[in-house]
Amino acid sequence: MPEPQEPEGAIAGTGMGGAMDLAVSEANTLEKTPGQPGGPQGKPRSLWSDAWRDLRRNPVFIISGLVILFLVVISLWPSLIASGNPLKCDLAKAQEGSQPGHPFGYDGQGCDVYTRTVYGARTSVTVGVCATLGVAILGSVLGGLAGFFGGFWDSILSRITDVFFAIPVVLGGLVLLSVVTSNTVWPVIGFMVLLGWPQISRIARGSVITAKQNDYVQAAKALGASNSRQLLRHIAPNAVAPVIVVATIALGTYIALEATLSYLGVGLKPPTVSWGIDISAASAYIRQAPHMLLWPAGALALTVLAFIMLGDAVRDALDPKLR
């Protein structure tokens, strides 16, 4: 009589006479209902597919996503909705209100406020996206390595992040950027990356420490997986969700920070077109010509709100506790 066979891929005998679980993926070991998505008749659903399904049903995500998509489009091609030149000014029209073809009126130098508001989106989106990418990459690498290896380097990184957390962001910008004479966005982006990475680093460190204790990571380690394979193949995909959430929310914060530094005169400088520069120039004429301040400030507030709403929606979709 043939001996009963074990289920394929479940148990493998070891040279020591014991047994080793081959770590069947969690998606396949979950109890499934026939006919349901992710059941035996369909592909197993992952965290990312479930998150995308929830996001598509979330009106907050849809609205904020459409606003951000519009901002990205006009940042890449501002001439689609603004045919004028943001640097072309006519002092004879300074502080004039809305006119045909110029719905937002003119600023204190006679420049078209509508055109400058549209072109200002390019600067703000560029600074926000580049700063967020730099912060996310640097913070994730340093925090992930510290959380994975631990020990001496983890202690050193923790003390360094404590030092950076003690530096007020606006005060640090006033000190560091006051000596910069460049008119480009890169000094501002570099400053944000310099002071922004500790937050992402701490999030990534904690997420990696939690992920490396899971059974599938221990199984991969027992099977002889290298440190790089454990970190890149098994830990990083399961630890990146908190980093994405924090980075998405932080993007709106960096846009607001750029406007704040430009308003204080240490961020971007003319002839760069920036909402912060326009708000700073219009603040002196808020009583005589409030439209000069209203439109760039409104665009800034809408942009920051859209990214914060997007981050909240992504957080809700990726947080298992909210399911």
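Could you tell me which of the residues Val208, Val243 is under 18 Å from Thr161 (Cβ atoms), in contact with a Ser or Thr (Cβ under 8 Å, 6 or more places away or on another chain) and buried (at least 17 other Cβ atoms within 10 Å of the Cβ)?
Values: Val208 fails: in contact with a Ser or Thr (Cβ under 8 Å, 6 or more places away or on another chain).
Result of the check over Val208, Val243: Val243.
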field: Among (1) open to solvent by 30 Å² or more (accessible area, probe 1.4 Å); (2) at pLDDT 90 or above; (3) within 18 Å of Gly128 (Cα to Cα), the one test that Val163 misses
entry: (3)
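Collect the residues in segment 126-146 that are among the hydrophobic types (A, V, I, L, M, F, W, C), within 14 Å of Thr248 (Cβ to Cβ) and open to solvent by 10 Å² or more (accessible area, probe 1.4 Å), keeping them in residue-number order.
Kept after step one, since they are among the hydrophobic types (A, V, I, L, M, F, W, C), are these residues of segment 126-146: 127, 129-131, 133, 135-138, 141-142, 145-146.
Right, trim to within 14 Å of Thr248 (Cβ to Cβ) and you get 129, 131, 133, 135-136.
Residues satisfying the conditions are Val129, Leu133, Ala136.
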query: Considering segment 256-271 alone, what residues qualify as being open to solvent by 10 Å² or more (accessible area, probe 1.4 Å) and either farther than 11 Å from Ser124 by Cβ or modelled with pLDDT under 90 (or both)?
result: Thr260, Tyr263, Leu264, Gly265, Val266, Lys269, Pro270, Pro271
- line: Across segment 61-95, the tally of residues that are in a loop (DSSP other than H, G, I, E, B) and in contact (Cβ under 8 Å) with a residue 60 or more places away in the chain stands at 3
All positions within segment 289-304 that are out of contact with any Gly (no Cβ under 9 Å at 6 or more places or on another chain) and either buried (at least 18 other Cβ atoms within 10 Å of the Cβ) or over 19 Å from Thr115 (Cα atoms) (or both): Leu293, Ala297
field: Any helices (runs of 4 or more DSSP H) falling wholly within segment 127-232 and containing at least 2 residues that are of a type in the set (Asp, Glu)
entry: 151-165
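Kindly indicate which of Ser25, Ser83 is at pLDDT below 90, under 28 Å from Val129 (Cα atoms), surrounded by fewer than 12 Cβ atoms within 10 Å (Cβ to Cβ) and not aromatic (Phe, Trp, Tyr).
Matching residue, one of Ser25, Ser83: Ser83.
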- prompt: Quick one: Gly150 ticks every box in (1) out of contact with any Pro (no Cβ under 9 Å at 6 or more places or on another chain); (2) on the phi < 0 side of the Ramachandran plot bar one, so which box is it?
  reply: (2)
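Does segment 59-68 contain at least one residue that is within 13 Å of Asp112 (Cβ to Cβ) and either in contact with a Pro (Cβ under 9 Å, 6 or more places away or on another chain) or exposed (fewer than 13 other Cβ atoms within 10 Å of the Cβ) (or both)?
Going residue by residue through segment 59-68, those that are within 13 Å of Asp112 (Cβ to Cβ) are none.
No: zero hits.
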Residues being open to solvent by 30 Å² or more (accessible area, probe 1.4 Å) and either under 10 Å from Gly108 (Cα atoms) or in contact (Cβ under 8 Å) with a residue 60 or more places away in the chain (or both) - total across segment 277-288: 4
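The values are calculated or read from the model by the stated rules, or taken from the named source; none is laboratory data. Remember, predicted model here, so these are calculated numbers, not experimental data. Glycine also receives a Cβ, built like all others from the backbone with ideal geometry; neighbour counts cover every protein chain displayed. Keep in mind that these areas ignore ligands, DNA and RNA; they rest on the heavy atoms of the full protein, side chains included. Shrake-Rupley method; radii C 1.70, N 1.55, O 1.52, S 1.80 Å.
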